[in-house]
Amino acid sequence: DIDNLVRLVRMTDLLPRGLYVEHAVATAKEELTLECDYEYELRSQEKMRALLEGDPAWSAPATVPELSSRGVLTTEFAPGIAIDKVVSLSQSERDYVGTQLLRATLRELFEFRFMQSDPNFANFLYCPQSRRLTMIDFGAAKAYPKPFVDEYLKMVVACAERDREGVLQSSIKLGFLTGEEAGVLKDAHCEAGFQVGRPFQESDEGMYDFTKNRDMTRRVAGLGKVMLKHRLTPPPAEAYSLHRKLSGSFLACMRLGARVPARALLFEAYAKYDFSESEDEDERTTTRGNDLTNADLDAVAA
């Protein structure tokens, strides 16, 4: 079905060249394949459950391996309501949930380098009685290589500081840019980064109010038209799932109308981050979801 859709797009020029639809499709195939493999999801869920052990607010449900298979996943029951339902609670509760959601997202990327990459509101449950949150649905969970995360953190901090040269340098190293782009593209790319980085920039009393800043998506969409027209290279493969999760976290905070100490959370993660070149063996052996072959795709399809 995906291949047929791509053929239709090529024949009709429905999408601009700068969208690099072939690369997006390759990522979609990989993620759909993983979504159909519950053995992979079970391993991913257990890994995240171990990583979240001891977290003051978050957990992941335990799995039941003896009642699971490649086509069935069994887990313990997770109490709570989907986070978009938190909008009916008090401002303090909404602020708390928004803060914990963004904190968990930053931990996943900059501490675990392993992320639940589907930000559907129903995949994050909140229990008002215990004030605990539960993360579910790890079918498209992704591990990210340390060199990529090292440079991505530098780029996010550059966006937070509105550091144009820092954004450009990191963007070239990460593969978002080649360095040969026209000035208009570089300007749009940096401004888009600054717009997305607004929650991490200076804000009133250290709190970013997502209620009063709902125009982020509109501003970035306008810049996106320029980037699609002048882009010389597709974004790195890691960006599709990563940006989906980050944008999902921001949209959830907007939906909740949450006030979040986003800058403090980012710079706390930055202060703790280890930029050394070490990469543990466990990380190198849990990136199967990032390196699926055509044989893997065909096997699941069959």
Checklist entry - What are the residue pairs meeting all of these: first residue in segment 57-79, first residue over 18 Å from Phe114 (Cα atoms) and modelled with pLDDT of 95 or more, second residue in a loop (DSSP other than H, G, I, E, B) and small (Gly, Ala, Ser), Cβ atoms under 8 Å, and 6 or more apart or on different chains? => result Thr74/Ser68; Thr75/Ala62; Glu76/Ala62
Checklist outcome for this item: Scanning segment 258-272 for residues that are touching an Asp or Glu at 6+ places or on another chain (Cβ under 8 Å) and outside any helix (DSSP H, G or I), the one most open to solvent (accessible area, probe 1.4 Å) turns out to be Arg259
Next on the checklist: Restricting to segment 89-98, and then to whatever is more than 14 Å from Thr211 (Cα to Cα) and in a helix (DSSP H, G or I), can you tell me which residue is most open to solvent (accessible area, probe 1.4 Å)?
Outcome noted: Tyr96
Checklist entry - Of the conditions (1) surrounded by fewer than 21 Cβ atoms within 10 Å (Cβ to Cβ); (2) modelled with pLDDT under 95, Phe148 fails just one. Which one is it? => result (2)
Checklist entry - Tally time: how many residues in segment 167-223 are in a loop (DSSP other than H, G, I, E, B), touching a Pro at 6+ places or on another chain (Cβ under 9 Å) and not small (Gly, Ala, Ser)? => result 4
Checklist entry - Which ones in segment 123-134 are surrounded by fewer than 23 Cβ atoms within 10 Å (Cβ to Cβ) and under 19 Å from Glu31 (Cβ atoms)? => result Asn123
Next on the checklist: Cβ contacts < 7 Å: first residue open to solvent by less than 60 Å² (accessible area, probe 1.4 Å) and of a type in the set (Asp, Glu), restricted to segment 227-242; second residue assigned to a loop (DSSP other than H, G, I, E, B) and modelled with pLDDT of 90 or more, any location; separation 6+ or different chain. Result?
Outcome noted: Glu238/Tyr144
Item to check | Positions within segment 256-302 being modelled with pLDDT of 95 or more, within 18 Å of the chain's Cα centre (by Cα), farther than 16 Å from Arg198 by Cα and of a type outside the set (Ser, Thr, Tyr), in sequence order | outcome: Ala269
Checklist entry - On the given criteria, is Pro56 of a type outside the set (Gly, Ala, Ser), assigned to a loop (DSSP other than H, G, I, E, B) and open to solvent by less than 60 Å² (accessible area, probe 1.4 Å)? => result no
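The values are calculated or read from the model by the stated rules, or taken from the named source; none is laboratory data. Note that the coordinates shown come from a computational prediction; the quantities given were computed from them, not determined experimentally. Please note: Cβ atoms are built from the backbone with ideal geometry, for glycine as well, and neighbour counts cover all protein chains shown. In case anyone asks, the SASA skips ligands and DNA or RNA and just uses the protein heavy atoms, side chains included. Shrake-Rupley method; radii C 1.70, N 1.55, O 1.52, S 1.80 Å.
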